[in-house]
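Worksheet: one structure, shown below.
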Amino acid sequence: IKRLGPIVDTLVVTGGEPLLQPEACLELLKNAKGLGFYCAMETNGGNPQALERLLPYLDFVAIDIKAPLSDSKLYARVTGQMRGTDLTNKIKESLKLAISSKAEVEARTTVVPTLNDDERIVARIANDVKGVDCLRLQQFRNQCTFNPSFQKLSMPNRERLLELARIAKREGLKSVKIFTVEGGLETV
């Protein structure tokens, strides 16, 4: 990290899931922060205890929100997890910890047709993440999916994401953005 200092000023810890290796993340972030780096992390929020230890070293946290946190059954279906309540409670705790920290917090939802692309679902997600600095709705891409059946799904177009973002914005969020292949990152 020290060698990169003259040409790099930001460290983003991502994955897989970085919170599966909390000790390595802690060491990496401590060193980077000590050298004056801007430090960020992208996580699914499933390990709030680990996140809490890392927050003092983070300037930015992005937490993946796949479905409404208020609907553990839907979250379990969307994620393929059996224990939806346990998972949503952990993510809620991670959000709460991140929001109360000094870090900028972004909730990210990849909009997947048939799973979470319904207006009511997006409104519920927005309501569940109130307090974040931003909700980013990301365009699902059907290449290289974990589940081969998703490769048959169409990508939601930019107009659909804009429509869903306006619905999310009406829930009172500070900022809503979309990310698409066509338009890149856009603030709504």
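The values are calculated or read from the model by the stated rules, or taken from the named source; none is laboratory data. Keep in mind that this is a model prediction, so the values were computed, not measured. Note that we place each Cβ from the backbone using ideal geometry, even for glycine, and neighbour counts take in every protein chain shown.
In segment 97-144, of all residues being in a helix (DSSP H, G or I) and free of Cβ contacts under 8 Å to residues at least 40 places away in the same chain, the one that is surrounded by the most Cβ atoms within 10 Å (Cβ to Cβ) corresponds to ILE99. Any chance segment 59-66 includes a residue that's surrounded by 19 or more Cβ atoms within 10 Å (Cβ to Cβ), within 27 Å of PHE179 (Cα to Cα) and over 12 Å from the mean Cα position of the chain (by Cα)? Scanning segment 59-66 turns up no residue that is surrounded by 19 or more Cβ atoms within 10 Å (Cβ to Cβ), within 27 Å of PHE179 (Cα to Cα) and over 12 Å from the mean Cα position of the chain (by Cα). Residues in segment 106-143 that are of a type in the set (D, E, K, R) and within 10 Å of the chain's Cα centre (by Cα): GLU106, ARG108, ARG136.
For every residue, the table says whether it meets (1) under 22 Å from PRO156 (Cα atoms); (2) modelled with pLDDT of 95 or more; (3) hydrophobic (A, V, I, L, M, F, W, C); (4) in contact with a helix residue (DSSP H, G or I) (Cβ under 6 Å, 6 or more places away or on another chain).
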| residue | (1), (2), (3), (4) |
| --- | --- |
| ASP59 | no, yes, no, no |
| ASP71 | no, no, no, no |
| LEU74 | yes, no, yes, no |
| GLY80 | yes, no, no, no |
| GLU93 | no, yes, no, yes |
| LYS96 | no, yes, no, no |
| SER100 | no, yes, no, no |
| PRO113 | yes, no, no, no |
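Here ILE91 clears all of (1) surrounded by 21 or more Cβ atoms within 10 Å (Cβ to Cβ); (2) in contact with a strand residue (DSSP E or B) (Cβ under 6 Å, 6 or more places away or on another chain); (3) within 27 Å of CYS39 (Cβ to Cβ) except the condition numbered (2). Out of LEU87, LEU55, report the one residue that is more than 30 Å from GLU119 (Cβ to Cβ), touching a Ser or Thr at 6+ places or on another chain (Cβ under 8 Å), in a helix (DSSP H, G or I) and among the aliphatic types (A, V, I, L, M). Selected residue: LEU55, the only one of LEU87, LEU55 that is more than 30 Å from GLU119 (Cβ to Cβ), touching a Ser or Thr at 6+ places or on another chain (Cβ under 8 Å), in a helix (DSSP H, G or I) and among the aliphatic types (A, V, I, L, M). Within segment 171-184, being closer than 20 Å to VAL105 by Cβ and either of a type outside the set (Asp, Glu) or touching a Phe, Trp or Tyr at 6+ places or on another chain (Cβ under 8 Å) (or both) holds for GLY172, LEU173, LYS174, SER175, VAL176, LYS177, ILE178, PHE179.
Residue count for segment 144-173 satisfying the condition of being within 13 Å of ASP118 (Cα to Cα) and acidic (Asp, Glu): 1.
Only a single criterion out of (1) in contact with a helix residue (DSSP H, G or I) (Cβ under 8 Å, 6 or more places away or on another chain); (2) at pLDDT below 95; (3) farther than 15 Å from ILE65 by Cβ; (4) not polar (S, T, N, Q) is not satisfied by GLU119, namely (2).
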